[in-house]
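Written out below as structure tokens is the structure these notes cover.
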Amino acid sequence: TDLRRLELVRREFVANVSHELRTPLASIRALADTLEAGAIDDPEVSGDFLNRIVYEVDRLNGLVEELLDLGRLESGRLVLDYHRTAPASLLGTAVGRLQEQIDAAGLTLEIEADPKLSPAMLDTTRIEQVLINLIQNAIDALKGRPGARIEIAALERDGRVNIHVADNGCGIPAENLPRVFDPFFTTKDVGEGMGMGLSVCYRMMQQMRGGIDVESQPGAGTTFTLWFPSFTPSLES
Ligand code: ADP
């Protein structure tokens, strides 16, 4: 029965990937066909269609990158590039990348980082990728609610650094909580992604000897907490 279950998971995964590939590919085909049929001569329409093709190609690229990351993480082939990193500096970089979106959506963002946080051995680029993912999800959960808040806090407890990303958005129903880290789990009310983001984040944090947890109250908001061990000399090599 274990083998059967694995086979089912594998089949579902392949079906999900195929489904996610089919929609953007069909759009690109339809847009190209319409251009070819004459729309290419109308500069306004052709500009818009080209932008939509680029958007769909970017989505496909994103999906392929996430699938590659997931594959490498699951087979232990993802090589991380560890550096001694000050946790507070991660927050600034991640928020900086999304500041424009936060302002455009009229959201308030607060960062609170304990100045005495220990440095940690981390793959800086990868952990920024995880943080950006969590903040992007918070922005998506708050779209259409100007004045809503995102709070990011970094604290150290018992040899662990915890980074909380909290929003006061729609929240996640209890029955969906165990599924948010599954590949392809997504709901239409939060963002336009394909549901791969959190599954990659989850495995990425495991690989960095840390983890990621979620707490949520439907209607009140969601807090994701990523954590990793604070710096220990034995990890320095
Ligand atoms: P994607 O890569 O498509 O953004 P994720 O794996 O990041 O997908 O998120 C999966 C799902 O988890 C979302 O579609 C949404 O249902 C739920 N989710 C994630 N973050 C939040 C949040 N901050 N508030 C409410 N729901 C969330």
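So the values come out like this:
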quantity: Gain upon complete extension [Arg97, Gln217; 0.36 nm per residue less C-alpha separation]; calculated: 40.4 nm
quantity: Glu74/Glu112 FRET efficiency (R0 35 Å; Cβ-Cβ; nearest 0.05); calculated: 0.50
quantity: Listed peptides 86-99, 54-67, 198-211 by packing density, highest first (mean Cβ within 10 Å); calculated: 198-211, 86-99, 54-67
quantity: Principal axis box of segment 1-129, alpha-carbon based, largest edge first, Å; calculated: 63, 51, 25
quantity: Degrees, to the nearest 10: 87-104 long Cα axis against longest axis of the chain; calculated: 30 degrees
quantity: The chain - mean residue ellipticity at 222 nm from DSSP helices (-39,500 (n - 2.57) per run, n ≥ 4, rounded to 500); calculated: -17000 deg cm²/dmol
quantity: Residue-wise HN-Hα coupling along segment 53-66, computed from phi with Karplus coefficients 6.51, -1.76, 1.60 (Hz; x: Gly, Pro); calculated: 5, 4, 4, 5, 5, 4, 4, 4, 4, x, 4, 5, 4, 5
quantity: Ellipsoid semi-axes in whole angstrom, largest first, where each is sqrt(5λ) of the Cα gyration tensor of segment 135-233; calculated: 24, 17, 11
quantity: Karplus-derived 3J(HN,Hα), 6.51/-1.76/1.60, for each residue of segment 156-170, Hz, glycine and proline x; calculated: 10, 9, 6, x, 10, 9, 10, 10, 9, 10, 10, 10, 9, x, 5
quantity: Trypsin sites (Lys or Arg not before Pro) lying in DSSP loop within segment 156-195, provided at most 16 other Cβ fall within 10 Å; calculated: Lys188
quantity: Mean shadow area of segment 157-213 over all directions, Cα convex hull, nm²; calculated: 4.8 nm²
quantity: Accessible surface, per residue, of the chain when the full set of protein chains is kept, probe 1.4 Å, Å²; calculated: 57 Å²
quantity: Fraction of the pair-distance distribution of segment 79-135 above 16 Å, Cα-Cα pairs, percent; calculated: 48 percent
quantity: Karplus-derived 3J(HN,Hα), 6.51/-1.76/1.60, for each residue of segment 7-18, Hz, glycine and proline x; calculated: 4, 5, 4, 4, 5, 4, 4, 4, 5, 5, 4, 4
quantity: Dimensionless Rg over Rh [the chain; C-alpha; Kirkwood]; calculated: 1.02
quantity: Label-point separation, Leu177 to Asp58 (7 Å along Cα→Cβ), nm; calculated: 3.5 nm
quantity: Centroid-to-centroid separation of segment 70-122 and segment 158-189 [C-alpha atoms, Å]; calculated: 17 Å
quantity: Fully extended contour minus Cα-Cα distance, from Asp81 to Ala39, at 0.36 nm per residue; calculated: 10.4 nm
quantity: Cα-based equivalent ellipsoid, segment 104-147: semi-axes from gyration tensor eigenvalues, Å; calculated: 26, 15, 6
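The values are calculated or read from the model by the stated rules, or taken from the named source; none is laboratory data. Given the structure is predicted, the values throughout are model-derived calculations rather than measurements. Using ideal geometry, Cβ is built from the backbone for each residue, glycine included, and neighbour counts are taken over all protein chains shown. These accessible areas exclude ligands, DNA and RNA; they are computed on the full protein's heavy atoms, side chains included. Shrake-Rupley method; radii C 1.70, N 1.55, O 1.52, S 1.80 Å.
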